[in-house]
Structure formats: C-alpha cells, structure tokens
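The values are calculated or read from the model by the stated rules, or taken from the named source; none is laboratory data. None of the values given here were measured: they were computed from a predicted structure. Neighbour counts run over all protein chains shown; Cβ positions are idealised from the backbone, glycine included. The protein model used for the area step is the full one, side chains on, heavy atoms only, and it has no ligands, DNA or RNA in it. Shrake-Rupley method; radii C 1.70, N 1.55, O 1.52, S 1.80 Å.
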Amino acid sequence: QVQLVESGGGLVQAGGSLRLSCAASGRTLYATGWFRQAPGKEREFVAARSRAGTSTDYADSVKGRFTISRDNAKNTVYLQMNSLKPEDTAVYYCAARWGQGLGIIPAVYDYWGQGTQVTVSS
C-alpha cells in the first residue's frame with residue numbers, strides 16, 4: 001500500500017515559481033506522475049517519471065517550464081514549476097504506479113494523492 005500527500009500549492013503571480021511535493025509512505029519502488037484538473041475540465045497529464053528515474057515525460061504545455069524529480073532518501077516526488085501562466089491554474093495531483101515505465105494516462109496509476117490547489121494570477 002502507498003499513501004501520497006501533496007503540498008506546496010498556493011497563489012502566485014504569472015511568471016512566478018512553485019515547487020509541489022508529494023510525500024509517500026509505504027513501499028517505495030514505483031513510477032510516479034503529476035496530473036492536474038481545472039474546473040469543468042478532464043484530469044490531464046502533466047509529467048511522469050519512470051521507476052528507475054531514467055526516463056521522464058512532459059505535456060507539451062509544460063515542457064521547458066516544469067521538472068519532475070524524486071528524492072529517494074525522503075521518499076518524496078517533486079514538481080518544480082517555473083514561468084507559471086494563468087492557464088496552469090488547477091488542482092494538481094501526484095500519482096504512483098507499480099509499473100516501471102512512464103504513465104501518461106490516469107487509468108494506469110494505482111495510488112493518488114488528495115490534490116493541492118495552484119492558482120496563477122495574471
């Protein structure tokens with residue numbers, strides 16, 4: 001069993017930065033991802049990291065601005081978000097899966113955090 005707890009969301013001006021954290025408890029060998037959901041929209045893929053950390057993938061809308069990383073010693077996954085835009089406003093969720101590879105759709109993930117709100121003002 002894996003439990004995920006996100007933190008780090010908040011209100012930031014356009015152009016600013018935030019770092020989201022996702023602290024995991026339980027077993028540690030899993031691939032991870034970040035998704036987001038804006039009001040009235042489907043949950044969408046943001047970033048993914050393979051279990052070994054050798055591969056990452058990003059949505060086109062965040063490439064070059066967001067970075068997914070993991071601190072194994074702290075069992076924590078991060079999403080560094082730079083050059084934020086108003087369209088990045090959403091609830092952000094971290095997710096974990098037992099598969100080794102990258103997962104870009106919600107259905108392949110086994111565990112989810114509760115979400116953290118990110119609001120970017122113009």
### Query
Restricting attention to the range 22-64, which residues are under 20 Å from Lys74 (Cα atoms), part of a strand (DSSP E or B) and among the polar types (S, T, N, Q)?
Ser25, Thr32, Thr56
### Task
Scan the range 89-115 residue by residue and report those that are under 16 Å from Ser17 (Cβ atoms) and either open to solvent by 20 Å² or more (accessible area, probe 1.4 Å) or touching a Pro at 6+ places or on another chain (Cβ under 7 Å) (or both).
Thr89
### Task
Among the residues of the range 88-105, write down those that are farther than 9 Å from Gly33 by Cα and not in a helix (DSSP H, G or I).
Thr89, Ala90, Val91, Tyr92, Trp98, Gly99, Gln100, Gly101, Ile105
### Query
Taking the range 1-31 on its own, how many of its residues are buried (at least 17 other Cβ atoms within 10 Å of the Cβ) and either among the charged types (D, E, K, R) or in contact with a Gly (Cβ under 7 Å, 6 or more places away or on another chain) (or both)?
8
### Query
Taking interchain pairs and intrachain pairs at least six residues apart, which have beta carbon atoms under 8 angstrom, with the first residue in the range 81-101 and among the polar types (S, T, N, Q) and the second modelled with pLDDT under 95 and assigned to a strand (DSSP E or B)?
Gln100/Ala31
### Message
I need every pair where a residue in the range 31-45 that is closer than 14 Å to Glu6 by Cβ has its Cβ under 8 Å from the Cβ of a residue that is assigned to a loop (DSSP other than H, G, I, E, B), sequence separation at least 6 or different chains.
### Response
Gly33/Leu102; Gly33/Gly103; Gly33/Ile104; Gly33/Tyr109; Phe35/Arg43; Arg36/Arg43; Gln37/Arg43; Gln37/Gly115
### Summary
Given the conditions (1) in a strand (DSSP E or B); (2) surrounded by 14 or more Cβ atoms within 10 Å (Cβ to Cβ); (3) touching a residue at least 24 places away in the same chain (Cβ under 8 Å), every one holds for Thr67 apart from (3)
## Note on the structure
When (1) part of a loop (DSSP other than H, G, I, E, B); (2) open to solvent by less than 50 Å² (accessible area, probe 1.4 Å) are applied to Ala73, the one that fails is (2)
